[in-house]
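Down below is the structure, laid out as structure tokens.
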Amino acid sequence: MGSSNESRSRMGSIKPLGIQLFECIRGGPLSFRSCQALVLVLTFLSYASYHATRKTTSIVKSVLDPKTSNLGLLHWPSHLYLQDLKGAANNTALQSGWAPFNGEDGTALLGEIDLAFLGLYAIGMFFAGHLGDRVDLRILLTIGMVGTGLFTAAFGAGYWLNIHSFYYFLGVQMIAGLFQSSGWPSVVAVVGNWFGKSKRGLIMGIWNAHTSVGNISGSLIAAAMLKFGWSWSFAVPGAMIALVGLAVFLFLPVDPEVIGVEEDRHVKDYEKNGTDVPLLEGHSSGRDEAVGFIQAWKIPGVAPFALCLFFCKLVAYTFLYWLPFYLSHTEIGGEYLSDSAAGILSTLFDVGGVVGGILAGHISDRLDARALTAATFTFSAIPALFFYRIYGSISLTWNVALMFVTGVLVNGPYALITTAVSADLGTHSSLNGNSRALATVTAIIDGTGSIGAAAGPLLTGYISARSWSGVFTMLMASALIAGLLLSRLVVAEISDKMAASRRPDGSASDLPVSSLEEP
């Protein structure tokens, strides 16, 4: 019991007010399963809302920096989507863009804003992970979500306030990126506190659909709001994430100890078949100290997966930020799509991402080979990217089919590495049972990946002005490097499988990178 109190005191976590009130009305505590469901729902909504606010910029890009030569060739006649705008000023804004982004260097400026956002996001990720293993995750997540909502809305407020200063939009996006960095380490650590290792890849693959759900909902909301003025495309998602943040503050239990769930009951829930163990094994003791940044980097497998994610996210985030723009500026079946139509069509890439994340997680569970699964997906993404660029313009049907397949193969390894792999490495055997490393390891892997996420959209801003074929060449090269970075881990996994087949009990190592540990 002393151990439990020490852990609760150390993390600074308290039972959320909403749960206290609900238990008072209900006349008893929530069950363990009910708390697990609550955690899944709240963390899912939390990170979906984070991605919904990120997606708005990609939808509005074509409005801020329109390609005027295409306005007469749009797939939909202009009167169909301009007639409902509120006043002539809005029509002018859509047709002539918004200074300073409507000049010759507008595309490059938008790329620089993406870099500012993702650069601060990547830097902030490392600090957020460090904080996440030391403070109340519920408070950290709430602050991040409310701050994100405020500064997302502030970007849109530039329209209402008639602001045309590049540095205003740049500064707002930098602060928004800093607030956004609190999200991923927090939600992964919370889920890790509640769920065990059994079928981790499949469970977290399904849960990780929040990324694509957020992208899809953000695209649909932002596209729908364009007719009222592009400012609303930022204001509405900003308000939504702030409201979800309030729900997180009131109801999210960060770990079983916070709500009084006994540790032996927690373990029992996951050991019904005698093989499952909790994701964070309950070794809470006074000697447990949060793992340092350098120590976390030295965990076998962290560095190669982090570098691999750098290139995986470079590809994924280039699609996240530039796919609607690409679709509206590329002739498909002899016609150009409107900004709204391009934004809606781009959601099919994220639908493929949902399938890819679940598929990669399930395959890696069945094979017990995370690196092999991730590498296979990344290598397969290379021909998918090539065919999408070459044949995606033939017709809308071809574009949709190839976009979906590309989404499966690009987002599959990205989802796997940021969820199941991060959880595996955050509870690696080299930590000797220390349960306070998950947020730090997650932040290192995703933070490194986020640097690639910043580089991809920035480079695209410059390269696309010359050639979209050059952009796809960059993406294919990145996928190739991502796969090659995992080659040592793939060899280790295959060797371990072969060695396991020769053992009397047929057992394999507990983690996919265990064979790389120093003797």
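The values are calculated or read from the model by the stated rules, or taken from the named source; none is laboratory data. All of these numbers come straight from a predicted model, not from anything done at the bench. Neighbour counts run over all protein chains shown; Cβ positions are idealised from the backbone, glycine included. Only protein heavy atoms, including side chains, enter the accessible area calculation; ligands, DNA and RNA are left aside. Shrake-Rupley method; radii C 1.70, N 1.55, O 1.52, S 1.80 Å.
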Residues within segment 350-405 that are among the charged types (D, E, K, R) and without any contact (Cβ under 8 Å) to a residue 12 or more places away in the chain, tallied: 1
Candidate set: segment 210-222, residues that are open to solvent by 10 Å² or more (accessible area, probe 1.4 Å) and among the hydrophobic types (A, V, I, L, M, F, W, C); chosen: the one farthest from residue 162 (Cα to Cα): 213
Restricting segment 84-112 to residues that are of a type in the set (Gly, Ala, Ser) and crowded, with 18+ Cβ neighbours inside 10 Å, the residue that is modelled with the lowest pLDDT: 93
Where residue 179 falls short, out of the listed (1) open to solvent by less than 20 Å² (accessible area, probe 1.4 Å); (2) within 30 Å of residue 100 (Cβ to Cβ): (1)
Given (1) loosely packed, with under 15 Cβ neighbours inside 10 Å; (2) within 24 Å of residue 391 (Cα to Cα), number of the condition residue 479 does not satisfy: (1)
